Amino acid sequence: MRHLHTRTTRRRVAGGIAAALLAAAGLTVPAVAAPATEPAAPTLADGLALTPPMGFNNWNSTNCRAEFNESMVKGIADLFVEKGLKDAGYQYVNLDDCWALPSRDSDGRLVPDPVRFPNGIKAVADYVHSKGLKLGIYTSAGTKTCNSAGFPGALGHEYSDARQFADWGVDYLKYDNCNNQGVDAKLRYTTMRDALRATGRPIVYSICEWGENNPWEWASDVGHLWRTTGDISDSWGSMLGILKKNLPLAPYAGPGHWNDPDMLEVGNGGMTDTEYRSHFSMWSVMAAPLLIGSDLRKASQATFDILDNNEVIAVDQDPLGKQGTVVSSEGGRWVVAKEMKDGSRAVALFNETGTAQHISTTATAVGLPGARAYTLRDLWQHRSYNTAGTIAATVPAHGTVLVRVSADRKWAAHPPAVELGLEGSPLVEAGKAAMLTSAVTDLGRTPAEHVSVGLTGPNGWTVKATSHTTAKALPTGRSLRTSWSVTAPEGTPTGSYDLTLKASYRSPTGMRVDSALPLTASVVVPPPSGTSGLGDLPWLSATNGYGPVERNTSNGESAAGDGHPITLGGVVYAKGLGVHAESAVEYYTAKACEKVTADVGVDDEKGANGTVAFEIWADGTKVASTGVLTNAMPAQPLTADVTGAQVVRLVVTDGGDGIDSDHADWADAQLSC
């Protein structure tokens, strides 16, 4: 179940109770430890979940609404078959909270809600099984589940509940963490493991205690997967924060025991298709469970195109069972590489920033053996190229290029890999020409021949090349560089507009290749002279962990304008920005500003919870930061010299412990120009 974010206080209180009980018993509470290189990992060895589970869970799209019912579950099973998702590897159709009545029967047994499931759970399981699929169910390792209605949990009923699930034909159990009465997590989850084992039925066991007790350190012989983070929400900031928490845990994942960064939000509407492709790509390179969280009955074709990309799924489902590891991450430009069973590497070039970025690595850096050349397969374009060893791309804002690279002796059969890039910032003041330079670079071992390039903009814009747009041939590492004058008409409103850089070339074998790089130009206005409040200025872009970035109020987590007065250490501020980690807000400063100042900290509204860190960036360079701040700390003054910067970015990270309760304030934030 995905708990509403306002319940994070209860979660941490529960964890605090458990810690207090341990302390009272004379036991120490273990600190969060960095993962060992090769942690000991005994497993259940029952042959289940040898690759990350794939399926569906209703919670992200329906919660406990009335539409969650027998008809919906059967409809999802039908769509798995009709849309090819079953053939792509999805097999579990999982029920989340609210499937039961609020009370057990006189014999202490769970009772399915007769309105939602008039024929009972077994009938649903039988229907799902008839489609060649499997059924999952939900309960909590507490006295009640996580829903506010308080459905019965399994604490103290583990063996009888497990027997019921097995008798119904359940194949997967998600076991949540609410209302746990402070009982030790390992004890609660181990008891249910033993209860499931006693049924004799093979049931995949998903531990959902939100990573609070570092389950990666103890749960590999308890469950088949364990949540590593708090709940995901359908936003870029939430997905990004969870990704960063899960990435360092790669040594703990493997066949039969997986890190689980929560369900997929693909298709729920809170992110762009580019962001959803990044979400799906990064979950796959992390060997994460792929549990669809959108209502497939309402899904667009674009959603299905993401979810059933067989080449990306093959990365997630590789039988070697390695989770991808971070090769580099400087400036929000991530390279994550995953070793594959056939010796190849899946490599994700992931751009967390709000502007296109050149991201590069090498075959050697991702662990491939030395070779004269390599085959590079783009898993979203479904095209193969050759590369001399460089793995690089200009990656759109919030985008991911996912490739599979191998030391393949047949590399010469493929055309050379060519990178399209744009130098200079595509920031345009209406009525004024902006000068940009495109680059078409041959990364291959073979030359790119008969190269041509073009740049197009919106209707009414003027885009002119001011230098050569063709080259007879580009040897390895050489580029065709073209200068462009780009003008938006007078009166063009501020905002984002699409540009497309296109290139065409031929391989030595005569194969023609056409490539395109979607880019974003922003029409901007320079900031006013003097000192201005950042809460009153237009921004270039803003991403946030929950809800929108708020102007001159705290973060309300939902709709714009639902925040409260910014309050730090009892002091109320009339102006500023209210955000929620992970967050980034970018401003156009036109090389005309000198200084950013703010009082920063965790807003008082979250009580004792919340840990964050603040950063100020000027044109890709970090110029000020705070380190980790907690709610117990008073407001911290932060000043940054941004002289000469064209773009200033205000960033809040999660402090290293996930994004729960991370309400952060840029109080009295000002820009001097």
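The values are calculated or read from the model by the stated rules, or taken from the named source; none is laboratory data. Small disclaimer: the values here were computed from a predicted structure and weren't measured. Quick reminder, even Gly has a Cβ in these numbers, built from the backbone with ideal geometry, and neighbours come from all protein chains shown.
For Val81, the test of being under 26 Å from Leu264 (Cβ atoms) and out of contact with any Ser or Thr (no Cβ under 6 Å at 6 or more places or on another chain) is passed.
Looking only at residues of the range 423-454 that are of a type in the set (A, V, I, L, M) and buried (at least 21 other Cβ atoms within 10 Å of the Cβ), we find that the one that is farthest from Lys502 (Cα to Cα) is Val428. Of all residues in the range 457-499, those satisfying the criterion of being surrounded by fewer than 13 Cβ atoms within 10 Å (Cβ to Cβ) and within 31 Å of the chain's Cα centre (by Cα) are Gly495, Asp498. Being of a type outside the set (S, T, N, Q) and over 25 Å from Pro527 (Cα atoms) is true for just one of Ala590, Ala635, Ala624, Ala584. Which residue is that? Being of a type outside the set (S, T, N, Q) and over 25 Å from Pro527 (Cα atoms) holds for just one of Ala590, Ala635, Ala624, Ala584, which is Ala635.
Any residue in the range 150-162 that is acidic (Asp, Glu) and touching a residue at least 40 places away in the same chain (Cβ under 8 Å)? Can you show your working first?
Our first condition is that a residue be acidic (Asp, Glu); within the range 150-162, this holds for 158, 161.
Pick out the ones that are also touching a residue at least 40 places away in the same chain (Cβ under 8 Å) and you get 161.
Checking the range 150-162: at least one residue is acidic (Asp, Glu) and touching a residue at least 40 places away in the same chain (Cβ under 8 Å).
If the condition is being in a loop (DSSP other than H, G, I, E, B) and under 11 Å from Ala448 (Cα atoms), then the range 495-526 contributes Ser507, Pro508, Thr509, Gly510, Met511. Can you find a residue in the range 652-665 that is over 18 Å from Ala608 (Cβ atoms) and in contact with a Leu (Cβ under 9 Å, 6 or more places away or on another chain)? No, the range 652-665 has no match at all. Out of the residues in the range 82-130 that are under 18 Å from Glu158 (Cα atoms) and of a type in the set (Asp, Glu), state the one that is nearest to the chain's Cα centre (by Cα). Taking the candidates together, the pick is Asp96.
Screening Ala314 against (1) part of a loop (DSSP other than H, G, I, E, B); (2) out of contact with any Pro (no Cβ under 6 Å at 6 or more places or on another chain); (3) under 29 Å from Trp59 (Cα atoms) leaves a single unmet condition, (1).
Can you name every one of the strands (runs of 3 or more DSSP E) wholly within the range 614-673 that holds 1 or more residues which are among the small types (Gly, Ala, Ser) and surrounded by fewer than 24 Cβ atoms within 10 Å (Cβ to Cβ)? Break it down into steps so the answer makes sense when it comes.
Numbers: elements: 621-630, 636-641, 647-653, 663-672.
The qualifying strands (runs of 3 or more DSSP E) are 621-630, 636-641, 663-672.
Exactly one residue out of Thr492, Thr476 is out of contact with any Pro (no Cβ under 8 Å at 6 or more places or on another chain), at pLDDT 95 or above and in a loop (DSSP other than H, G, I, E, B): that is Thr492.
Looking at Asn214, is it surrounded by fewer than 23 Cβ atoms within 10 Å (Cβ to Cβ) and not acidic (Asp, Glu)? Yes; evaluated as a whole, the condition is true for this residue.
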